[in-house]
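These notes are about the structure you will find just below.
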Ligand SMILES: Cc1cc2nc3c(=O)[nH]c(=O)nc-3n(C[C@H](O)[C@H](O)[C@H](O)COP(=O)(O)OP(=O)(O)OC[C@H]3O[C@@H](n4cnc5c(N)ncnc54)[C@H](O)[C@@H]3O)c2cc1C
């Protein structure tokens, strides 16, 4: 059965979560059709697919409904991101298919599919039998291995929509949020909360992130206060991430925050208050003042790096 994979990128780099989807697709299907709006051959050659459909704007896939309908004998795989939530709802309407999110395992059966979906902060894993010919699966980040094998030479198809965009928009200027590691891709995330007191105190968080090759994140109040950009806000109403290591510095651990970070493989909490609820969800906890602990960690890492060089 054909598998259609939606390619997600940021700063002209394909997200690791998309490579997870491509690897999974190649394991369970023998005909992979990838859809992207990246039109740079150097970048798209890393996509291990049989067919590569290039459109102008992936977030407006509904404009290509007539053109992509011929692939209706397919199922869909894409990472469980904000962008793909939008895209999956458009595909669901075009192909009249159900959408399943937070998928951590997926198999094709003779009669349909079997998948596992994680919910309630990873506390419930549901096994789901799907007895329909097709479905749209949103894959939870860091749930599947990335296979670096790239042995396919995809047929390139450039699609032009016959329809006009419903809304017209002119972009005057594009500003990159930052050129650091994307939050979705990061193996290590250093996140900080209101305990840091002011925007100026993020310098030490950024230094630590640089030393560890990590991305930075924050709690909701921090982005509401304008101390950090909204693109760093994690939690129930923000980005949901599952890095290998999540550092929570000066964050109390409210349930709404945990909803976005609870599936991190290891959680390290630094908080001055030994009763902070985050300690109940931590693998390692440091009780103390972030303004003493973070500089001490930075100094020790620097010493380690200097000793090695
Ligand atoms: C509908 C809804 C949705 C929400 N969605 C989200 C969401 O997506 N993401 C999110 O984060 N929140 C969300 N919230 C808010 C959430 O309930 C909490 O209010 C918020 O997470 C608290 O942020 P915080 O931990 O940074 O701040 P605080 O609760 O103020 O905690 C600050 C912490 O810093 C510690 N601290 C203080 N000084 C130091 C120091 N020097 N060193 C170390 N530690 C120190 C304190 O002990 C405290 O634990 C939502 C709330 C609602 C109602």
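Distance from the Cα centre of the stretch 237-309 to that of the stretch 68-127, in angstrom?
A separation of 32 Å, based on Cα centres.
So how long is each side of the stretch 188-308 along the principal axes, counting just the alpha-carbon atoms, biggest first, in Å?
42, 29, 25
On a 0 to 90 degree scale, rounded to 10, what angle separates helix 290-308 from the longest Cα axis of the chain?
Approximately 80 degrees, to the nearest ten.
For the chain, what is the mean residue ellipticity at 222 nm derived from helices alone (per DSSP H run of n ≥ 4: -39500 (n - 2.57); sum divided by total residues; nearest 500 deg cm²/dmol)?
Rounded to the nearest 500, it is -7000 deg cm²/dmol.
Equivalent ellipsoid semi-axes for the stretch 2-97, as square roots of 5 times the alpha carbon gyration tensor eigenvalues: give them largest first, rounded to whole Å.
18, 15, 13
Grab the eigenvalues of the alpha-carbon gyration tensor for the stretch 238-295, scale each by 5, take roots, and send me the semi-axes largest first in whole angstrom.
Working from the Cα gyration tensor, I get semi-axes of 18, 12, 10 Å.
Quick one: what does P(r) look like for the stretch 19-172 with 5 Å bins over all Cα pairs, in whole %?
2, 8, 17, 21, 21, 15, 9, 5, 1, 0, 0
Give the Cα extents of the chain along the principal axes, in whole Å, largest first.
61, 46, 43
I want the antiparallel fraction of DSSP beta bridges within the stretch 2-158, as a percent rounded to 5.
Close to 40 percent.
Any chance you could give the angle, 0 to 90 degrees and rounded to 10, that helix 203-212 forms with the longest Cα principal axis of the chain?
Taking Cα atoms only, the helix is inclined about 60 degrees.
Rounding to the nearest 10 and keeping the result within 0 to 90°, find how far the Cα-based axis of helix 16-28 lies from the longest principal axis of the chain.
Tilt relative to the chain: about 40 degrees.
Of all DSSP beta bridges located in the chain, what percent are antiparallel, nearest 5?
Here the share of antiparallel DSSP bridges comes out near 25 percent.
Values in this text are rule-based calculations from the coordinates and carry no lab data. If you're wondering where the values come from, they're calculated on a predicted model, not measured in any experiment.
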